[in-house]
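Worksheet: the structure to be examined is printed underneath.
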Amino acid sequence: MLPNGFIDLHSHLLPGIDDGCASIDQSLACIEGLVAAGFVGSVCSPHVCVDCCSHNTPASIEVAVRELQREVDAAGLDYRLWSGAEVRLAPTTVEWFETHGVPTLGEGRYVLVDFWGGGWPDYCDAAIDYLQRNGYQPLLAHPARMSTEDDQLSAILVRLRVRGVKLQGNLRCLVGGEDGKLAKQRINRLLGEKHYFAVATDVHSPSCLPERLAGVELLRRDFGDAMLQTLLGDNPRAIVSAEAALAAV
Ligand SMILES: [Fe+2]
């Protein structure tokens, strides 16, 4: 049985398969830091995109997660890993799903997607439609970091909300840091509007972990324990274990 604690839905812990941790030592260092901050498990969600990581598939990610779980167990860490992916929306995403299958976050039906281009092209809607038609729940990663202008982004997010797409915020955006002032303003606004369904670290390496974990305390300070528990505890737990998740807060 999984102990109480936070679950990180979005991370790049798998060594050497995308721009995340480069070695098992780095993966274990991240996990030790997460344990110290109250986390009990992570979804490994490497990038899946045509341009940079087309070799990552649900099957290959599953193998890599099992290997890392073995290392975690051997290191004596009580920490649970699940398979996932961060799927870059692209003109070929539906075709990719048809070929390789749909990578979910853990055992449920949630699928993490991201998008960096301007606006929201028709092929993004096509991928969302495909997922929903096939019984999956799209979860859009870190909208506060998208490059789209503010007004247009707000309109896109309202439209996605109406369509049932849920949002995942990055904890580092609360700090600002590398994500910048605009991302910080946006995540605070979206948290205030109760638009997020979950938050996560999106950790890539031990060196970037402290700044991401600092976001946990900022979320607690500015929005309270109850929201922190829902966004980093209850909803992620429900997502990975295929229970009914709570509402967005
Ligand atoms: Fe990511």
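Any read-out appearing in this document is the output of simple, stated calculations on the displayed coordinates, not a laboratory observation. Computed from a predicted model, the values in this text were never measured in an experiment. Positions of Cβ are backbone-derived with ideal geometry, glycine not excepted, and every protein chain shown enters the neighbour counts.
Need one word for the range 6-241: rounded, prolate or oblate. Basis is the Cα gyration tensor (sqrt eigenvalues a ≥ b ≥ c); a/c below 1.5 gives rounded, then a/b vs b/c decides. It is oblate, given that a/c is not under 1.5 and a/b is not larger than b/c. Most tightly packed first, judged by the mean number of other beta-carbon atoms within 10 Å of their residues, the peptides 61-68, 130-137, 40-47 read 40-47, 61-68, 130-137. Distance between the pseudo-spin-label points of Ala36 and Val50 (7 Å out from Cα toward the beta carbon): 4.3 nm. Each of Thr230, Thr99, Thr57 has some number of other Cβ atoms within 10 Å of its Cβ, and from fewest to most they run Thr99, Thr57, Thr230.
Counting 0.36 nm for each residue step from Ala126 to Val63 and taking away their Cα separation leaves a gain of 19.8 nm. The equivalent ellipsoid that matches the C-alpha gyration tensor of the range 43-124 spans semi-axes of 27, 12, 11 angstrom, in descending order.
So for Asp234, Asp125, Asp51, fewest C-beta neighbours within 10 Å to most, what's the order? Walk me through the intermediate numbers first.
Numbers: Asp234 17, Asp125 14, Asp51 8.
With the sparsest Cβ surroundings first, the list reads Asp51, Asp125, Asp234.
Per residue, the average separation of C-alpha pairs within less than 8 Å and at least 6 apart gives the chain a relative contact order of 21 percent.
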